[in-house]
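The values are calculated or read from the model by the stated rules, or taken from the named source; none is laboratory data. For clarity, every value in this text was computed on a predicted model and none was experimentally measured. Cβ coordinates were reconstructed from backbone atoms using ideal geometry, including for glycine residues, and neighbour counts include every protein chain displayed.
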Amino acid sequence: MRRTPGAARVSGVFDLHVHAAPDVWARRGDDAQIVRWYAEAGFTGCVLKGHYDATAGRAHAVAAGSGLAVYGGQVLNQHAGGINPAAVAAALDMGARVIWMPTADAHTQAAAGLPRLCCQHTDLADTTYAIPPVDWSVVAEVGQILRLIAEADAVLATGHLSTAEVTWLLPAARRAGVSRLLMTHPSYTVPAMSPAEAAELAQQGAYAEVTAYQLLHQPDCDAARLARFVAEVGYPRIVLSSDAGQPENPTPPEALARLIDALAAEGLDRSALLACASDIPERLVVPK
Ligand SMILES: [Zn+2]
């Protein structure tokens, strides 16, 4: 069997963030192909993320017989009604392990001019979503969502919410009993959180994600900048994931291997980086 280049060096890795076909945007491989690449590379599992699809059912189907732990979740974009407790309840009842706050339909995404479903279907409303302190009208719905996530002991991920919203959300989530908290690529273009802000929020019990996608595509981003972010937040609160699956990118296991290599080349500790891509994300996602 042909092995994915570079992947042998990162066996035991769990990729918490990958995009697979079918999707509203072109992807490098479908669920089965992506999971095969991980299996060839010796990964232990992954979380399938669809900006516009609930992925728990897909994860369940593709995991069968794969030998990998594959999980799904729900992103609270327009297709799901935005900040919608019913979408969260249904996803969690079907085994979703990660609930992401709005990503492609977050107000930050529109402001940054990044892709959204309504850009390719111009007859759709260009509705964006926000939570307090940007939009207080959904405070009850956010509270209900947090209680549902706490009951399911699932992961709350901050999506593309702004730093102000993440700063409001994380303590609210803890008060509601959510213990699994993930800041979605905080140093990416959205929300463009500073390392100091991320470090402070991480000290409140959240993990901060750094992705291969940032290394490969984020304007003004390079390995040195990501390494400084990791160093300031501290290895125990960092999750390294690929956020890959785009057709122009290497395969997801290869992309994540490249991120680890690039950070190690900046002088970071390779075994600590490997823990950020294996034990830490796996512990965050896998149910007790
Ligand atoms: Zn993503």
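Structural remarks
- Residue ID - nearest to the ligand (Cβ to nearest atom), chosen from residues in the stretch 167-196 that are farther than 16 Å from Ala157 by Cβ and buried (at least 17 other Cβ atoms within 10 Å of the Cβ): Thr189
- Considering (1) without any contact (Cβ under 8 Å) to a residue 40 or more places away in the chain; (2) within 17 Å of Ala157 (Cα to Cα); (3) part of a helix (DSSP H, G or I), the lone condition that Pro281 does not fulfil carries the number (1).
- Test: Ala244 is more than 13 Å from the chain's Cα centre (by Cα) and among the small types (Gly, Ala, Ser): no
- Leu215 being within 15 Å of Met101 (Cα to Cα) and not charged (D, E, K, R): no
- Of the residues Arg237, Arg228, the single one that is surrounded by 16 or more Cβ atoms within 10 Å (Cβ to Cβ), over 18 Å from Val35 (Cα atoms) and among the charged types (D, E, K, R) is Arg237.
- Count of residues meeting criterion [buried (at least 18 other Cβ atoms within 10 Å of the Cβ), away from the ligand (no atom under 16 Å from the Cβ) and either under 28 Å from Tyr38 (Cβ atoms) or at pLDDT below 95 (or both)] in the stretch 197-225: 4
- Of the numbered criteria (1) within 26 Å of Ala244 (Cα to Cα); (2) more than 16 Å from the ligand (Cβ to nearest atom), the one Ile131 fails is (1).
- When Asp153 is tested against (1) buried (at least 24 other Cβ atoms within 10 Å of the Cβ); (2) under 28 Å from Asp93 (Cα atoms), only condition (1) is not met.
- Within the stretch 117-139, the only residue that satisfies the criterion of being assigned to a helix (DSSP H, G or I) and within 21 Å of the chain's Cα centre (by Cα) is Leu117.
- Scanning the stretch 241-271 for residues that are in a loop (DSSP other than H, G, I, E, B) and of a type in the set (Lys, Arg) turns up nothing.
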